[in-house]
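To keep things clear, I will list the structure first and then write my remarks on it.
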Amino acid sequence: MTAHLAIAPVVIPALAAPIALLAMRRKRRLGVGISFASCLAMLVAALVLLSASADGTVRTYELGNWPAPFGIVLVVDRLSAIMLTLAASLSLVALLHGVVTRADRKGWHFHPLLQFQLLGLNGAFLTGDLFNLFVFFEVLLIASYGLMLHGQGPARLKAGVQYVVVNIVGSSLFLIALGLLYSLTGTLNMADMGLRVAAIGADDQGLLRVAALLLVSVFALKAALVPLHLWLPRTYAVSTPAVAALFALMTKVGVYSIIRVVPQVFGDGAGAAAWAPAPYLFPAAILTAIVGFAGVFVARSLSEQAAYAVIGSTGTLLIAVAGWQVDTLAAALYYLVHSTLAGAALFLVADVVARRRASFTDQASPGPAFTDRQTVGLLFMAAAIAATGLPPLSGFIGKLLILESIAGTGGWGWAWGAILATTVIGVIGFARTGSSVFWKEGRPSDGAEPTSVSRTDMIAPIVAIALLAALSAGAGWATAYTRAAAAQVLDSAASVRAVLGVQ
């Protein structure tokens, strides 16, 4: 039963998307119900796989009974189970906010596009070969184009064009890297490629290294790693808040791909390409953390702050990933889950503020007092505490784990300095914004009277913050699981045995 459940996170949204589209033409509520049912079913399947993967077994699912490396194979281990659970949980939070705020009514295709987005995300987390990773990347990107433009408007159209162009370039580079790797190894299955790169002759070692760096550069673009981050702030800041909350997971797909591919394919046995991105990933991660939280400091709106916080948190977790040790990778995985939920919470709280301030929206400037000011202020404070990594939420635990794990590694002083400095910068930036929005009062402009809205729009951000609190309360179990997941990722031989059935 569990073996066949591996394909459920792909099949469920693939079926739900067209059914929801057809249902909504006749009865909108039915389409919304199908979308909710699909996300709940994915969450149940992900939790079952998360529990089943706890024993360390790597489960595979061969589509059409074609064995790897010739056929398409899905691989479920601890890491993929974590990402599936995170995607399903976040999708429910984003969907809830979209429905409660009626943002899903600004177009006919919100729910089908959301399901196709989840199809691409889940497929990327499960696939065992690089070509299908490219295919699922394209599925989630095409869906994200539609979701990003949902609600229309000139700002979204302008940012959407930039977003499309950047990702087309990334996809082209991805194909070039795949072509180079296939010409060198004769396979695109990650487990099989990890075996074959060790046999590549000396004459092709340089080309292999180029292919490795090109492939990781594509993943860095998806993760918005400096200097490939310029597309993200505008794109995320202008998206519909429910969509932006789900997009908080998009950068983590790039991080996941780096964690999945580098140890498996470009590990110790890869010759000249062994750990090829390692010398570049660490300094780029430090710069990303600095640029991200510097953006939080200078941002002019809450949604823009949330977008830069996503960049900064990605840099922080990649500082740990760059250590390529069990302890550092375990800390990174825990912080990955936290930072995704924290980023989503910031986008949702920004929308709650914007819906109450009329023409002042979520601008980081004083305005007239608005409805539920104190309650919304507490939500903003909780989300800001999570994003900056202060106690008592899980970000504090995550940053402590990262600082502890990288102590003594190469360049650890720079990493400690960057993490601690960016934390202070983030605290100051969020505090300044909070004082302007929730403490100071400005003179109302024409048509800027505060808007009275239902408190139901606070449900989704409260759920996101509650999940962060649960991650903090269950830190003992969560860190043990992420440590086991990190050890499993770095044990590439286990994946080879499970996928190919060979030693």
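Being charged (D, E, K, R), surrounded by fewer than 18 Cβ atoms within 10 Å (Cβ to Cβ) and at pLDDT below 95: is that true of ASP457 here? Spelling it out, it is not the case that ASP457 is charged (D, E, K, R), surrounded by fewer than 18 Cβ atoms within 10 Å (Cβ to Cβ) and at pLDDT below 95. Looking across the stretch 65-97 at every residue that is among the small types (Gly, Ala, Ser) and within 15 Å of PRO9 (Cβ to Cβ), the one that is most open to solvent (accessible area, probe 1.4 Å) is identified as SER89.
Quick one: would you say MET190 is touching an Asp or Glu at 6+ places or on another chain (Cβ under 8 Å) and either farther than 25 Å from PRO67 by Cβ or surrounded by 21 or more Cβ atoms within 10 Å (Cβ to Cβ) (or both)? Judged against the criteria, MET190 is a match. A count restricted to the stretch 319-366 and to residues that are touching an Asp or Glu at 6+ places or on another chain (Cβ under 8 Å), within 20 Å of THR456 (Cα to Cα) and in a helix (DSSP H, G or I) stands at 6.
Just the residues that are in contact (Cβ under 8 Å) with a residue 60 or more places away in the chain and open to solvent by 10 Å² or more (accessible area, probe 1.4 Å), please, taken from the stretch 228-262. Passing the criteria: HIS229, TRP231, PRO233, ARG234, ALA237, VAL238, PRO241, MET250, ARG260. Taking TYR308 as the residue in question, decide whether it is closer than 18 Å to VAL349 by Cβ, part of a helix (DSSP H, G or I) and either among the polar types (S, T, N, Q) or modelled with pLDDT of 95 or more (or both). Yes: the conditions hold for TYR308. For LEU130, indicate whether it is within 24 Å of ILE19 (Cα to Cα) and crowded, with 20+ Cβ neighbours inside 10 Å. It is false that LEU130 is within 24 Å of ILE19 (Cα to Cα) and crowded, with 20+ Cβ neighbours inside 10 Å. The single residue among LEU84, LEU114 that is in contact with a Phe, Trp or Tyr (Cβ under 6 Å, 6 or more places away or on another chain), touching a residue at least 24 places away in the same chain (Cβ under 8 Å) and over 30 Å from VAL210 (Cβ atoms) turns out to be LEU84.
On the stretch given as the stretch 238-275, residues that are within 22 Å of VAL352 (Cβ to Cβ) and either in contact with a strand residue (DSSP E or B) (Cβ under 7 Å, 6 or more places away or on another chain) or among the polar types (S, T, N, Q) (or both) total 2. With respect to the conditions (1) in contact with a helix residue (DSSP H, G or I) (Cβ under 6 Å, 6 or more places away or on another chain); (2) surrounded by 24 or more Cβ atoms within 10 Å (Cβ to Cβ), LEU114 falls short on a single one, namely (1). Cβ separations smaller than 6 Å between residues 6+ apart or across chains give the following pairs from the stretch 392-421 residues that are on the phi < 0 side of the Ramachandran plot to residues that are open to solvent by 10 Å² or more (accessible area, probe 1.4 Å) and acidic (Asp, Glu): SER405/ASP327. Scanning the stretch 268-298 for residues that are in a loop (DSSP other than H, G, I, E, B), touching a residue at least 60 places away in the same chain (Cβ under 8 Å) and either open to solvent by less than 10 Å² (accessible area, probe 1.4 Å) or of a type in the set (D, E, K, R) (or both) yields a total of 3. Of all residues in the stretch 224-239, exactly one satisfies the criterion of being closer than 14 Å to ALA309 by Cα, part of a loop (DSSP other than H, G, I, E, B) and in contact with a Phe, Trp or Tyr (Cβ under 8 Å, 6 or more places away or on another chain), namely ALA224. Within the stretch 334-354, residues that are open to solvent by less than 10 Å² (accessible area, probe 1.4 Å) sit with their Cβ atoms under 6 Å from residues that are among the acidic types (Asp, Glu) and in a helix (DSSP H, G or I), at 6+ positions apart or across chains, in these pairs: VAL352/ASP457.
Residues that are touching a residue at least 12 places away in the same chain (Cβ under 8 Å) and hydroxyl-bearing (Ser, Thr, Tyr) were ranked within the stretch 30-56; the one that is farthest from GLN115 (Cα to Cα) is SER53. Taken together, VAL496, VAL424, VAL463 contain a single residue that is outside any loop (DSSP other than H, G, I, E, B) and at pLDDT below 95, which is VAL496.
Quick one: in the stretch 303-315, which of the residues that are hydroxyl-bearing (Ser, Thr, Tyr) and farther than 15 Å from GLY254 by Cβ is surrounded by the most Cβ atoms within 10 Å (Cβ to Cβ)? Within the stretch 303-315, the match that is surrounded by the most Cβ atoms within 10 Å (Cβ to Cβ) is TYR308. The residues of the stretch 318-327 that are under 22 Å from SER217 (Cβ atoms) and either among the hydrophobic types (A, V, I, L, M, F, W, C) or open to solvent by less than 10 Å² (accessible area, probe 1.4 Å) (or both), listed by number, are LEU318, ILE319, ALA320, VAL321, ALA322, TRP324. Of everything in the stretch 358-386, what is surrounded by fewer than 20 Cβ atoms within 10 Å (Cβ to Cβ), over 18 Å from VAL298 (Cα atoms) and not hydrophobic (A, V, I, L, M, F, W, C)? Give them in sequence order. SER359, PRO368, THR371, ASP372, ARG373, GLN374, THR375, GLY377, listed by residue number.
The values are calculated or read from the model by the stated rules, or taken from the named source; none is laboratory data. All of these numbers come straight from a predicted model, not from anything done at the bench. Reconstructed Cβ throughout: ideal geometry from the backbone, glycine too, with neighbour counts over all protein chains shown. What goes into the accessible areas is simple: the full protein's heavy atoms, side chains included, and nothing from ligands, DNA or RNA. Shrake-Rupley method; radii C 1.70, N 1.55, O 1.52, S 1.80 Å.
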